[in-house]
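Novice: Supplied in structure tokens, the structure appears directly below.
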Amino acid sequence: MSDETDNADLEEELRQVVAQIDSVPPALLEAAVGALAWRTIDADLAELVFDSLVDQDEAALVRGTTHGRMLSFRARTLSIDVEVTSKGNSRMMVGQLVPPQAVTVDIRHGDSVITIETDELGRFSAGPLQAGPTSLRCRTGGDTLQRPVATAWVAI
Amino acid sequence: MESDEIGVLVRAAAGGDSAAWKAIVDHFSGLVWAITRGYRLGPPDAADVFQTTWLRLAEHLDRIASPERLGAWLATTARRESLRIARAAARTTPAHDGTLVGLGHVDDHSPEQAVLDAEQAMLDSERARQLWRAFRELSDRCQQLLRVLMASPPPSYAEVGAALGMPVGSIGPSRARCLDRLRQMLTGKVSARLLCTHRYEKQRLESIGV
């Protein structure tokens, strides 16, 4: 049988050790508190529906081309496909909006925003970007985009 | 925190109330952090997962249908993102010997040992250092489970289940088993691998009536 009282005591001891060694770093806590400021209340959310990192089967990986990571986001009115290539800590991004249209895209990442324009075929490229959580916010200006569309955040 | 209290905070934060948002972050950040650490992500990757999880929640505030599930929602998000990043890391770094990693093996000159040394230095008593050393010799799965259970404030079993992708019913027994093992390692001062061998041997002898 397991010694339940002993386990409870041991668990309490372990709890104190973990608290000493591995509590949330204050800088991260501060960044999390700041995350609310990135909230977009006027935008439709484009969910991450495909990520080659987790959605591609192993066989495809073995056949593997040397392409970067493919991400697809989908909102009601718009899809966004992105290919991300890495070099150390920097990321290059090439993307395509469907349906194709010329819009303004805010690439939100780290503490900053990089603003770019898509061409009339809905294509865009950006970089180098710092690795880390990133979201694209497509602003109106195109023919079909009634409301802004923001993608789910994903660490690239 | 009661679920109706969480509900009030979620609605307030969705309306832009930063104090309410901070209260949510303060309450659940220990859990989210413990999950990223449980998946053994290094500091930069753990930081990415942690921040991504909170950014996701900020965008989802007005889509959280049942506030009592908020902790589980955060735990699920942190788990998925941890697995995603762990997979990315596995692709870009040379493969390790999975069997050694699986045993939680620590060799003398590994980066893992350096981390362990740094951790030990933060502890103020020999007993605490001993406990932590024994903890780090547990199987990955035990370390992961106990690490999440040790989050502050202590998470519910629903949250732990979501954090580790395991059925709620198996958390209690696994918890007891992992703590038993930890205690035996401390008292017997045997390594995890020797212990496994001993236990197996003991069970075998018992089973044949010795």
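Novice: In region A:65-124, what residues are part of a loop (DSSP other than H, G, I, E, B) and within 16 Å of A:ASP51 (Cα to Cα)? Break it down into steps so the answer makes sense when it comes.
Specialist: Step one: filter region A:65-124 for residues part of a loop (DSSP other than H, G, I, E, B), giving A:65-68, A:75-78, A:88-89, A:99-103, A:110-111, A:118-122.
Correct list: A:THR65, A:THR66, A:HIS67, A:GLY68, A:ALA75.
Novice: Given (1) more than 10 Å from chain A (Cβ to nearest Cβ); (2) in a helix (DSSP H, G or I); (3) modelled with pLDDT of 75 or more; (4) surrounded by fewer than 17 Cβ atoms within 10 Å (Cβ to Cβ), where does B:TYR200 come up short, assuming only one miss?
Specialist: (3)
Novice: May I ask you to verify whether B:GLN120 is polar (S, T, N, Q), modelled with pLDDT under 85 and touching a helix residue (DSSP H, G or I) at 6+ places or on another chain (Cβ under 9 Å)? Before the answer, list the steps.
Specialist: On the way: polar (S, T, N, Q): yes; modelled with pLDDT under 85: yes; touching a helix residue (DSSP H, G or I) at 6+ places or on another chain (Cβ under 9 Å): yes.
When the stated conditions are applied, B:GLN120 passes them.
Novice: Would you pick out the residues in region B:14-35 that are at pLDDT 95 or above and farther than 16 Å from B:PRO154 by Cβ?
Specialist: Once the filter is applied, which keeps residues that are at pLDDT 95 or above and farther than 16 Å from B:PRO154 by Cβ, region B:14-35 yields B:ASP17, B:SER18, B:ALA19, B:ALA20, B:TRP21, B:LYS22, B:ALA23, B:ILE24, B:VAL25.
Novice: Quick check on region B:60-81: of everything there that is within 13 Å of another protein chain (Cβ to nearest Cβ) and under 23 Å from the mean Cα position of the chain (by Cα), which residue is surrounded by the fewest Cβ atoms within 10 Å (Cβ to Cβ)?
Specialist: B:ARG80
Novice: Of all helices (runs of 4 or more DSSP H) completely enclosed by region B:139-191, which ones contain at least 3 residues that are closer than 22 Å to A:GLN20 by Cβ and within 12 Å of chain A (Cβ to nearest Cβ)?
Specialist: Counting at least 3 such residues, we get B:140-149, B:171-188.
Novice: Tell me which residues, restricted to region B:10-28, are without any contact (Cβ under 8 Å) to a residue 24 or more places away in the chain and either surrounded by 21 or more Cβ atoms within 10 Å (Cβ to Cβ) or not hydrophobic (A, V, I, L, M, F, W, C) (or both).
Specialist: Residues satisfying the conditions are B:ARG11, B:GLY15, B:GLY16, B:ASP17, B:SER18, B:LYS22, B:ASP26.
Novice: Given (1) in contact with a helix residue (DSSP H, G or I) (Cβ under 8 Å, 6 or more places away or on another chain); (2) more than 7 Å from chain B (Cβ to nearest Cβ), where does A:GLY34 come up short, assuming only one miss?
Specialist: (1)
Novice: Additional query: For region A:120-134, state whether one or more residues are within 24 Å of B:ARG63 (Cβ to Cβ) and buried (at least 22 other Cβ atoms within 10 Å of the Cβ).
Specialist: Among the residues of region A:120-134, at least one is within 24 Å of B:ARG63 (Cβ to Cβ) and buried (at least 22 other Cβ atoms within 10 Å of the Cβ), which makes the answer yes.
Novice: Additional query: Taking the residues in region B:38-59 that are farther than 23 Å from B:LEU146 by Cβ and free of Cβ contacts under 8 Å to residues at least 12 places away in the same chain as candidates, determine which candidate is surrounded by the most Cβ atoms within 10 Å (Cβ to Cβ). Give the derivation first.
Specialist: Narrowing region B:38-59 to residues farther than 23 Å from B:LEU146 by Cβ: B:44, B:48, B:51-52, B:54-59.
Right, trim to free of Cβ contacts under 8 Å to residues at least 12 places away in the same chain and you get B:44, B:51, B:55, B:59.
On the way: B:PRO44: 13, B:GLN51: 22, B:LEU55: 25, B:GLU59: 20.
If we take residues in region B:38-59 being farther than 23 Å from B:LEU146 by Cβ and free of Cβ contacts under 8 Å to residues at least 12 places away in the same chain, then B:LEU55 is surrounded by the most Cβ atoms within 10 Å (Cβ to Cβ).
Novice: Residue by residue through region A:10-29, note down the ones that are part of a helix (DSSP H, G or I), surrounded by 13 or more Cβ atoms within 10 Å (Cβ to Cβ) and more than 7 Å from chain B (Cβ to nearest Cβ).
Specialist: A:GLN16
Novice: How many residues are over 18 Å from B:LEU149 (Cα atoms) and either more than 8 Å from chain A (Cβ to nearest Cβ) or under 14 Å from the mean Cα position of the chain (by Cα) (or both) if we restrict to region B:12-37?
Specialist: Number of matching residues: 8.
Novice: I've got another one for you. Check A:ALA46, A:ALA37 and return the single one that is at pLDDT 90 or above and either surrounded by 13 or more Cβ atoms within 10 Å (Cβ to Cβ) or closer than 17 Å to B:ALA134 by Cβ (or both). I'd like the intermediate steps shown before the answer.
Specialist: On the way: A:ALA37 fails: either surrounded by 13 or more Cβ atoms within 10 Å (Cβ to Cβ) or closer than 17 Å to B:ALA134 by Cβ (or both).
Exactly one of A:ALA46, A:ALA37 is at pLDDT 90 or above and either surrounded by 13 or more Cβ atoms within 10 Å (Cβ to Cβ) or closer than 17 Å to B:ALA134 by Cβ (or both), namely A:ALA46.
The values are calculated or read from the model by the stated rules, or taken from the named source; none is laboratory data. Keep in mind that this is a model prediction, so the values were computed, not measured. A quick note on method: Cβ atoms are made from the backbone with ideal geometry, for glycine too, and the neighbour counts reach across all protein chains shown.
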